Every structure is written in structure tokens, then in C-alpha cells.
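In what follows, a single structure is set out as C-alpha cells and then discussed.
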Amino acid sequence: MKNQTALIVKTFFDVPTCTFTHVVYEKLGSHCAVIDSVLNYDPKSGRTSTQSADEVIEFIQQQNLQVDWILETHAHADHLTAGPYIKKHLGGKLAIGKHIQEVQTAFKSIFHLEDAFKADGSQFDYLIEANEELPLGNLKIKSLFVPGHTPACMAYVIGDAIFVGDTMFLPDVGTARCDFPGGDAKVLYQSVQKILSFPNETRLYMCHDYPPNEREVAYMTTVGDERKHNIHIHDGVSEQDFVSMRTARDAALEMPALILPAVQVNIRAGELPPKETNGVSYLKIPLNYL
């Protein structure tokens with residue numbers, strides 16, 4: 001894989017949701033992209049706050065960067081996106097993979113959303129096609145369609161790095177679950193193979209880390225390390241073995257703590273549900289469904 005030009009990655013870690021936000025840019029004063037931002041949410045009170053996003057905004061302003069893209073790898077089930085908040089303060093286009101329409105359709109039904117909610121991706125500024133190239137100053141962003149965790153997951157190839165979203169994690173953590181609506185372990189296996197087909201030295205930037213055995217949190221590994229050491233999908237693991245493992249493992253997992261608020265907000269491109277007649281936004285909790 002040819003390195004178009006040098007890139008710099010500044011990574012932020014949101015501790016409560018174990019989420020990494022990456023700011024990708026070339027140099028001081030250059031164009032940049034923000035990947036997988038976080039809006040803080042307290043499930044006990046239902047209050048949102050912007051501490052994590054404000055740290056990202058402060059860094060971008062300090063580096064005099066111009067935000068071109070605010071990218072989502074998928075509609076997250078473990079945190080709310082701060083995309084609209086960052087866009088309001090810094091500009092840029094809020095973008096996600098085109099197949100978000102499938103996720104919106106599924107969850108519009110699950111949450112019985114208002115008729116006015118359109119499951120067509122129009123809430124986002126831009127819907128990204130598979131293998132599309134997006135400009136980023138002297139850099140280019142190439143989209144890599146990697147469904148399986150959800151039907152709309154995208155990874156982003158920038159220079160000699162790939163931002164993998166929730167397709168896979170550090171080698172000692174493994175791979176993403178596939179039991180959400182539209183998920184498919186067989187499809188995820190094939191998607192991970194796309195990523196692992198890149199050169200061994202390719203850097204892989206994670207969206208999350210859940211370190212076992214008191215290991216320090218880490219946000220980056222390589223294709224070579226994953227191929228050798230990933231506990232779920234290292235070289236030699238067959239598709240059938242992976243699907244069997246993933247299916248059994250997913251059946252024993254609890255739902256993510258924030259899936260109900262997160263998905264409702266994230267399929268709206270980070271906007272809260274429409275305010276009701278009393279001026280308050282409400283989230284829905286489907287009982288005995290998931």
C-alpha cells in the first residue's frame with residue numbers, strides 16, 4: 001500500500017465507553033478528519049454533556065486544523081456520537097456508509113419511531129459508497145465496506161493506516177459481536193479478511209479497547225500482529241470455526257449498557273429525538289424486545 005503523504009493521528013480515549021476518537025491530519029494548519037466522536041451520556045439521569053468532544057475541539061483549534069469530514073464507522077451501540085456538536089463548532093461534513101439506511105429501517109421498526117423519521121440516510125450530510133475516495137487536503141480517505149457487526153460498517157484507509165471501527169479489536173480482545181439486527185458472523189469473517197489482506201506493517205487504529213489482565217489501554221496494532229495473534233481470527237482460523245465461535249460467544253453476551261439511547265440518537269446522525277409539546281426530548285425503551 002503506497003503512503004500518499006505523511007499523516008498524523010491524535011487519539012482521544014473516552015473512559016466510560018472505552019471509545020477512541022481519532023483526529024487525522026497532515027500537519028499544523030492542514031485539513032483534518034474526525035473519526036468516531038463521543039457525546040457523553042449519563043444513563044442514570046438522562047443528561048448529555050460534551051467534555052469528550054470539547055477536548056477534541058480544543059486540540060483541533062490549537063493545531064489550527066480545518067475539519068473536512070466528521071466520519072462515523074457505523075451507528076454505534078455503545079456511545080452517542082458528538083458529530084452535530086463538532087460540526088456546529090468547527091464545520092465539516094458528517095458522513096457514514098450508505099448502508100445506514102438498512103440500520104435505520106430496522107431500528108425505526110424496533111423503536112416505533114415517528115412517521116417523519118426517514119430511513120434514507122438524509123440526516124447525514126454525505127453517504128459513502130464502498131471503495132469511494134474522499135479528499136482530505138493532500139491525503140485521501142478510501143472507504144472499505146466491512147459489514148458483519150452491522151450491515152453498514154465502514155473502515156477508512158488513510159495512507160498506511162486503517163481505522164477499523166468495530167470490526168476487530170486488539171489481538172487479545174478479538175472481534176466484534178454479530179448479534180445485532182442485520183449482523184452476520186460469516187459476513188464479518190469476510191470483512192476482516194479484507195483488512196488482513198493489507199501489508200503486515202499496515203497500522204490498524206481501533207474504535208475500542210477492553211484490555212484483559214490489567215493490560216494498559218492501547219489504540220493501535222498492525223495487520224501482522226492481528227494475523228499472528230488475534231484470539232478469534234488469526235491465520236489458520238476457518239470461516240466455519242469463526243462462525244461457530246462467534247455465534248456461541250454472542251449468545252452469552254449481555255446487551256451493551258447504552259445500546260437503547262445510543263442507537264436511537266446515532267441513526268439520527270447524532271441529533272436528539274424531536275422535542276414534544278413540553279419542549280423535552282424523550283428516548284424510547286422497548287420492553288421485552290431485545
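Bear in mind these aren't lab numbers, they're just calculated from the coordinates by the rules spelled out. None of these values were measured; they are calculated from a predicted model. In this analysis, Cβ positions are derived from the backbone assuming ideal geometry, glycine residues included, and neighbour counts consider all displayed protein chains.
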On the given criteria, is A53 small (G, A, S) and assigned to a strand (DSSP E or B)?
no
Would you check if there is a residue in the range 65-74 being over 19 Å from Y219 (Cα atoms) and in a helix (DSSP H, G or I)?
no
Of the conditions (1) farther than 26 Å from G91 by Cβ; (2) buried (at least 19 other Cβ atoms within 10 Å of the Cβ), Q193 fails just one. Which one is it?
(2)
Near pairs, Cβ below 7 angstrom, 6+ apart or cross-chain, from the range 165-184 (among the acidic types (D, E)) to any residue that is surrounded by fewer than 23 Cβ atoms within 10 Å (Cβ to Cβ) and assigned to a strand (DSSP E or B)
D166/H208
Please find, within the range 12-34, the residue that is surrounded by the most Cβ atoms within 10 Å (Cβ to Cβ) out of those that are under 14 Å from the mean Cα position of the chain (by Cα) and in a loop (DSSP other than H, G, I, E, B).
T17
Of all residues in the range 142-159 being assigned to a strand (DSSP E or B) and not hydrophobic (A, V, I, L, M, F, W, C), which is surrounded by the fewest Cβ atoms within 10 Å (Cβ to Cβ)?
K142
Mind listing just one residue for me: the one in the range 160-176 that is out of contact with any His (no Cβ under 7 Å at 6 or more places or on another chain) and outside any strand (DSSP E or B) and, of those, surrounded by the most Cβ atoms within 10 Å (Cβ to Cβ)?
V164
Under 9 Å by Cβ, and 6 or more places apart or on different chains, what pairs join a residue from the range 19-38 that is over 24 Å from L80 (Cβ atoms) with one that is in a strand (DSSP E or B) and of a type in the set (V, I, T)?
Y25/I8; Y25/V9; E26/I8; K27/I8; S30/I8; H31/V67
